[in-house]
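Below is one structure, written out as structure tokens; the observations come after it.
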Amino acid sequence: MPYRNLGMDLVRVTEAAALSAARYMGLGDKEGGDKAAVDAMRAVLNGVDMDGVVVIGEGEKDEAPMLYNGEKIGNGRGPALDVAVDPVEGTRLLAFGRPNSIAVIAAAEKGSMWQPGPSYYMRKIVVEKAARGAIDIKESATENLNRIAEALNRKVNELTIFILDKPRHRQLIDEIRKTGARISLNSDGDVMGALMAAIPGSGIDVLMGTGGTPEGVIAAAAVKALHGGMQARCHPQSDEERQALSRAGMDISAVYTEDDLIRSDDAFFAATGITEGSFLEGVHFDRNGGVTTHSIVIRALSGSMRFVKGVHQLNAEHIFGAEGLASAVRLATT
């Protein structure tokens, strides 16, 4: 059943995570940046009017004391929701000061989010609305690119494809290069890649390749909200993962669309840039003591997409000092 737009509540959550994590940009401390984002995200989430449960979080309870899978979040006074979080998508990007690290969250009606179980990796293809009927993950990359180009009324060599720069993608990269399509190679961050592929004019036309399964579910919320197209299949990267999928009765040949991964018609997606990016600006610490954030908020029910630029007034020494978390949370909740 439709309920009020939680988008602005959720963007405050990602703002808080981004503000806290940004203190660690370029410091080489992946764990420190991620923990700062997790702590801030959790603190703000618990003030949101919802009865939420983390479906995709930082891991199981014993491994992740905060924002673990199954954790209850929200103040219990709002709608019952499944929530997927990635406090820092691109922890290495943040640690080394590289572009396109973001804080991201997705939410949908309780029971509507597909749960990855023992699936850690998923092969994905994502496109904008105009090409959603053209994709078929069972076909080759060449066939898909030809179909996508036709649907977009463009030539294949006019397309730009987002791919993670991983050894597992060597053959895929070679095949795409033979088609003449341009490639954007990225070390991390396929939620951002999927988001850009689903938005016309972003500079990315297609996301292809294998990335994290949890990230695939989060991305599906954005793709669905944008009425884009997504197909995915479990793609185990080890014998251990393959055996775990078999024991769980999961069919690795099954194809999932954005509607399979997010079964609710009312899904929310919010993301805030941490490091500078081509699509979302990073957190900027201004000389006058202000802090600027840049976010996107999308709702599936209405199809609305908002870009939010937050200008927060705070002395920089508070952000970098012991009061950093409290300051970030205070900014995000006022």
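Every number in this text was worked out from the coordinates using simple rules, so none of it is lab data. The structure presented is a predicted model; accordingly, all values stated were derived computationally and were not measured. Every residue, glycine as well, gets a Cβ built from its backbone with ideal geometry; the counts of neighbours run over all protein chains shown.
Structure values in brief
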read-out	value
Label-point separation, residue 5 to residue 171 (7 Å along Cα→Cβ), nm	4.6 nm
Lys pairs, the chain - Cα-Cα below 14 angstrom, 8 or more residues apart or on other chains	5
Point-to-point label distance, residue 139-residue 154, nm (Cα→Cβ direction, 7 Å offset)	1.8 nm
Spread of Cα-to-Cα distances over 5 Å intervals beginning at zero, given as percent, for segment 150-227	3, 16, 26, 25, 19, 10, 2
Computed magnitude of the charge dipole of the chain (debye, nearest 20; Cβ of K, R +1, Cβ of D, E -1)	600 debye
Three semi-axes of the equivalent ellipsoid, segment 121-173, Cα gyration tensor, whole Å, largest first	20, 12, 10
Debye log10 I(q)/I(0) for the chain, one point scatterer per Cα, at q = 0.07, 0.11, 0.12 Å⁻¹	-0.26, -0.66, -0.79
Segment 121-261 - convex hull of alpha carbons, volume per residue in Å³	94 Å³
Under 17 Å from the residue 178 label point (7 Å along Cα→beta-carbon), backbone N, segment 130-164	139-147, 156-157
Crossing angle, helix 170-179 versus the chain [Cα axis fit, 0-90 degrees, rounded to tens]	60 degrees
Three semi-axes of the equivalent ellipsoid, segment 204-302, Cα gyration tensor, whole Å, largest first	33, 18, 12
Neighbour-count order for 284, 312, fewest beta carbons within 10 angstrom listed first	284, 312
Rg/Rh (Cα only; Kirkwood hydrodynamic radius) as it applies to segment 81-141	1.04
